[in-house]
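What follows is one structure encoded as structure tokens, with my remarks underneath.
The values are calculated or read from the model by the stated rules, or taken from the named source; none is laboratory data. Since the model is a prediction, treat every value here as computed from it, not as a measurement. Methodologically, a virtual Cβ is constructed for each residue, glycine included, from the backbone with ideal geometry; neighbour enumeration extends over all protein chains shown. Surface accessibility is based on the protein's heavy atoms, side chains included, excluding ligands, DNA and RNA. Shrake-Rupley method; radii C 1.70, N 1.55, O 1.52, S 1.80 Å.
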Amino acid sequence: MAMKTDGSAAGAQTSVLCIGNAIVDIIARVDDAFLEKHERVKGSMMLVDAETSTRIYDDMPPAVEHSGGSAGNTAAGIASFGGSVSYIGKVHDDQLGAVFTHDIRAIGVSYDTKPLNEGLPTATSMILVTPDAERTMSTFLGACGQLMVDDIDEATVAAASVTYFEGYMWDTDNQKAAILKAMDLAHAYGGLVSISLSDSFCVDRFRAEFLDLIRDRVDILFANEDEIKSLYEVDNFDEAVELLRPHVKVGALTRSERGSVIISDDTSYKVPADTVNVIDTTGAGDMYAAGFLYGYTNGRGLEACGKLGSLAAAEVISHLGARPETSLAGLASKNNL
């Protein structure tokens, strides 16, 4: 774990700062015909405009609403483990923005980003869950895409041992600028930088930029098998692992039911997935990152970090929704982790 060397940083130290798109998820069960009707690519996250978002919402069966967003889910998971965590993400000063703010603070995450008071509404993501438990997301970025450089608070970054952000942030130039500022501040204050590649379609959009980030700025990388193979444009997972190895301090790569592979220098660890009845895969990668980062910032070994990630991912895919319904600290204790 990175230790702070500059005593001038303000605020209490936190284990992880998560930066991401502050989104309210609207989740419904649908069949494959619904995806075809609305021209959705199963398993993807597709950005949509307000009109498309409204059209899908109006045609959806009864749905449930949860505060979400990839990095927000990870922050929620770390808090459920009992970790100290903060979050930066933009909402509007509207009803859904108030819901998001209440939810993330109520679970113990420090959240002080100033909301928009005009313009675009709080972001929403229509999450369509098919009978095979696959989730397909149609996301209207709204206010969250308005995160600016000035929203990156220096003291908040300085206080974190790890600054973690989602690859989805690369979809707007102002968000890129904000993340680059956070990366520079994190390293300046002796912290580590971590990224989740988020989605293979996201990797396709920003492959060259992600490769540069990983070579020059990222310490801890999270990706699933499809994302890491897409990043290096190879068909073989093991080949992608070896291409990544020289460029990061730690790589945590998930493989669904085959568990995860963790690499650091010349060392590799294979961690099995926890057995569970899969209901909804939404948030699995977010929770894996939560468990891993909680373990890492609390001095656990890499294999133990992977086991905590697997435990958190298993909990979230056992029910509808992307945030834990059971205390992850309690589950970790029960499983001697």
Does Gly69 satisfy being open to solvent by 10 Å² or more (accessible area, probe 1.4 Å), in contact with a Phe, Trp or Tyr (Cβ under 9 Å, 6 or more places away or on another chain) and of a type outside the set (Asp, Glu)? no
Going by the conditions given, is Met137 closer than 27 Å to Leu211 by Cβ, touching a residue at least 60 places away in the same chain (Cβ under 8 Å) and in contact with a strand residue (DSSP E or B) (Cβ under 8 Å, 6 or more places away or on another chain)? yes
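Which one is farthest from Tyr288 (Cα to Cα) among residues in the range 199-225 that are open to solvent by 20 Å² or more (accessible area, probe 1.4 Å) and outside any helix (DSSP H, G or I)?
In the first step, residues of the range 199-225 are kept if they are open to solvent by 20 Å² or more (accessible area, probe 1.4 Å); the result is 200-201, 204-209, 211-212, 215-217, 219, 224-225.
Add one more test, that the residue is outside any helix (DSSP H, G or I), and what stays is 217, 219, 224.
On the way: Arg217: 22, Asp219: 17, Asn224: 10 Å.
This residue is Arg217.
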From the list Thr267, Thr275, which residue is out of contact with any helix residue (DSSP H, G or I) (no Cβ under 7 Å at 6 or more places or on another chain), under 24 Å from Asp132 (Cβ atoms), free of Cβ contacts under 8 Å to residues at least 60 places away in the same chain and of a type in the set (Val, Ile, Thr)? Thr275
Unique match (being farther than 22 Å from Glu227 by Cα, out of contact with any Leu (no Cβ under 7 Å at 6 or more places or on another chain) and not aromatic (Phe, Trp, Tyr)) among Ala71, Ala63: Ala63
Considering the range 243-264 alone, what residues qualify as being on the phi > 0 side of the Ramachandran plot and in contact (Cβ under 8 Å) with a residue 40 or more places away in the chain? Gly259
Under 8 Å between Cβ atoms, which residue pairs at least 6 apart in sequence (or on different chains) link something in the range 173-194 that is more than 19 Å from Val250 (Cβ to Cβ) and without any contact (Cβ under 8 Å) to a residue 40 or more places away in the chain with a partner that is of a type in the set (Phe, Trp, Tyr) and loosely packed, with under 14 Cβ neighbours inside 10 Å? none
Being within 21 Å of Cys144 (Cα to Cα), in contact with a Ser or Thr (Cβ under 7 Å, 6 or more places away or on another chain), touching a residue at least 12 places away in the same chain (Cβ under 8 Å) and not small (Gly, Ala, Ser) narrows Val162, Val203 down to just Val203
Quick test of your reading of the structure: Tyr168 fulfils all but one of (1) aromatic (Phe, Trp, Tyr); (2) under 20 Å from Ser110 (Cα atoms); (3) at pLDDT below 95. Name the failing condition by number. (2)
Output for the range 92-122, where each listed residue is closer than 20 Å to Gly77 by Cα, among the aliphatic types (A, V, I, L, M) and either in contact with a helix residue (DSSP H, G or I) (Cβ under 7 Å, 6 or more places away or on another chain) or buried (at least 23 other Cβ atoms within 10 Å of the Cβ) (or both): Ile104, Ile107, Val109
Being surrounded by fewer than 16 Cβ atoms within 10 Å (Cβ to Cβ) and among the hydrophobic types (A, V, I, L, M, F, W, C): is that true of Ala143 here? no
Residue by residue through the range 152-167, note down the ones that are in a helix (DSSP H, G or I), under 18 Å from Val218 (Cα atoms) and of a type in the set (Gly, Ala, Ser). Ala158, Gly167
Of the conditions (1) aliphatic (A, V, I, L, M); (2) surrounded by fewer than 19 Cβ atoms within 10 Å (Cβ to Cβ); (3) more than 21 Å from the chain's Cα centre (by Cα), the single one that Val41 does not satisfy is (3)
Taking the range 126-151 and keeping only residues that are in a loop (DSSP other than H, G, I, E, B) and either closer than 25 Å to Thr282 by Cα or hydroxyl-bearing (Ser, Thr, Tyr) (or both), one is left with Thr130, Pro131, Asp132, Ala133, Glu134, Leu141, Leu147
